[in-house]
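Single-structure report; data block below.
The values are calculated or read from the model by the stated rules, or taken from the named source; none is laboratory data. Every value quoted in this text rests on a predicted model; they were computed, and no experiment measured them. With ideal geometry, Cβ positions are generated from the backbone for all residues, glycine too; neighbour counts draw on all protein chains shown.
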Amino acid sequence: MENFTYFNPTRIHFGRGQIAAIEKELPEKSRVLLLTGGGSIRSNGVHQQVMKALGGRTAFEFAGVEANPDYDTLMKAVEICRRERIDWVLAVGGGSVLDGAKFVAAAVPYPGDPWEILVTGGGKLQSALPIGAVLTLPGTGSEANGASVISRRSIREKLAFIHPLVFPRFSVLDPETTFTLPERQISNGVADAFTHVIEQYLTYPAHAAIQDRFAESVMRVLIDEGPRSIKNPTDYDARANVVWAATWALNGAIGAGVPQDWASHMIGHELTALHGIDHARTLAVVLPSLLSVQRTTKGAKLIQYGERVWGIREGSDSERIDGAIERTRGFYESLGLRTRLSDYDVKAAVASEVAGRLRARGVLTLGERADITPEVVERILRQAA
Ligand code: NZQ
Ligand code: ZN
């Protein structure tokens, strides 16, 4: 196991009716920016519950944060915060709204051009407004981590930043708020969370037994409860398990002290920037192909994963690796996520385009062994055609 420092400061309020906990989390005299998405929270009672919990506090609402939150939209929220001397940001929505809130919270006190926050990956941040969250779409893990991914459509970029200052101070996870999710979104969430585990687990053995067994449990829960929850959207217990599994997939615990990959995410973000494909769907396209290209260096872990997660115990090593990759592709497909670029009308030429964009940005090595060069990225995407 590698050395690590583990820190997670987010207080979680989990379960029915927990939106009311906002009342005790926000100081009475706070000036709050309520950041929201395209309107789902107005039709499922979440907005009403939040307003009730806010009570008499001074609150301004900024609605309209889009899926894959956009820099230019968020900069309008930054202006409001500065003008109205906002001192808390409350995000109510899916991962996009939460990520948007993290960017706003960091950008408000930022002395320079806020785009720098993304270009430097958060490296220079010195302060941020405190953030609270009500999550209505499980998947990204944004409710209990310090990461945020922002798109800038005007220049076709999608970049991430990570910083301890933007962990939400608290997050409300009420599974009932997710009952209104369309099938496409809950399927995306299950697939995204599953891929987060893979990015931190399917690398090379580090003899980190707690992290491995936890990761395998989170994947098994998503495999068991995910389809159940998609089929019966109002089954509280199935949904509650999906919500909690998604938090554990990316709250830092399973990734502590182990090598991590994240190449599928980096490549996937380029596909969203270029073609607007849902985040989780980009992962369903990239990951099976990446596993196949990296099957030798990831071989030992692929065999462990096949055995412990999918029960594959027979055959040669090569057959077991094939089986593990096929089960992974099959899982995405069973959730309704197609796994080929052609399923999204994207031509194979995107392979060299993505490789070129990474090269231009100086991203020359990805993956747990830093062996995924732009040439390998191109091969991965060609195989995903
Ligand atoms: O905007 P509204 O009207 O709320 O509609 C949203 C949106 O259209 C809808 N929705 C959310 N909750 C709902 C609901 N509809 C009905 N009922 C509800 N309860 O769902 C649509 C998609 O929402 P979005 O927030 O975009 O989805 P998701 O949570 O999948 O977030 C995706 C974003 O998160 C980033 C992705 O790159 C992408 O930009 N990620 C963030 C990460 C992080 N912070 O750690 C890690 C991830 O790997 C990921 O990259
Ligand atoms: Zn993701």
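Assorted remarks:
- Output for the stretch 270-303, where each listed residue is among the basic types (Lys, Arg) and away from ligand 2 (no atom under 13 Å from the Cβ): ARG295, LYS298, LYS301
- Taken together, the residues in the stretch 82-96 that are touching a residue at least 12 places away in the same chain (Cβ under 8 Å), assigned to a helix (DSSP H, G or I) and either under 15 Å from VAL32 (Cα atoms) or outside the structural domain of GLU66 (by TED's automatic domain parsing) (or both) amount to 2.
- The stretch 129-144, residues that are closer than 21 Å to ALA238 by Cβ and either within 6 Å of ligand 1 (Cβ to nearest atom) or surrounded by fewer than 24 Cβ atoms within 10 Å (Cβ to Cβ) (or both): THR136, LEU137, GLY139, THR140, GLY141
- In the stretch 26-46, of all residues being within 14 Å of VAL97 (Cβ to Cβ) and touching a strand residue (DSSP E or B) at 6+ places or on another chain (Cβ under 7 Å), the one that is farthest from ligand 1 (Cβ to nearest atom) corresponds to LEU33.
- Of the criteria (1) part of a helix (DSSP H, G or I); (2) surrounded by fewer than 22 Cβ atoms within 10 Å (Cβ to Cβ), which one PRO111 fails: (1)
- If the condition is being farther than 19 Å from ILE380 by Cβ and either modelled with pLDDT under 95 or assigned to a helix (DSSP H, G or I) (or both), then the stretch 306-326 contributes GLY306, GLU307, ARG308, VAL309, TRP310, ASP317, SER318, GLU319, ARG320, GLY323.
- Exactly one residue out of LYS76, LYS102 is more than 29 Å from HIS196 (Cβ to Cβ) and either of a type in the set (Ser, Thr, Tyr) or modelled with pLDDT of 95 or more (or both): that is LYS76.
- Cross-chain or 6+ apart pairs with Cβ under 6 Å, the stretch 232-259 first and over 24 Å from PRO164 (Cβ atoms), then part of a loop (DSSP other than H, G, I, E, B): PRO233/PHE179; THR234/PHE179; VAL242/PRO138
- Within the stretch 265-285, residues that are in contact (Cβ under 8 Å) with a residue 24 or more places away in the chain and assigned by TED's automatic domain parsing to the domain that holds LEU250 reach partners that are within 10 Å of ligand 2 (Cβ to nearest atom) and among the acidic types (Asp, Glu) with beta carbons closer than 6 Å, at six or more positions or on different chains, in the pairs ALA280/ASP192.
- Being within 13 Å of ligand 2 (Cβ to nearest atom), in contact with a helix residue (DSSP H, G or I) (Cβ under 7 Å, 6 or more places away or on another chain) and not in a helix (DSSP H, G or I) is a property that ILE267 lacks.
- Some residue of the stretch 235-257 being basic (Lys, Arg), away from ligand 1 (no atom under 16 Å from the Cβ), over 14 Å from the mean Cα position of the chain (by Cα) and in the same structural domain as ALA300 (by TED's automatic domain parsing): no
- Counted residues, the stretch 336-385 - those being of a type in the set (A, V, I, L, M, F, W, C), assigned to a loop (DSSP other than H, G, I, E, B), in contact (Cβ under 8 Å) with a residue 40 or more places away in the chain and more than 20 Å from GLY276 (Cα to Cα): 1
- Count of residues meeting criterion [part of a strand (DSSP E or B) and away from ligand 2 (no atom under 15 Å from the Cβ)] in the stretch 138-160: 2
- Qualifying residue in the stretch 282-305 (condition: more than 17 Å from GLU368 (Cα to Cα), at pLDDT 95 or above and of a type in the set (Phe, Trp, Tyr)): no
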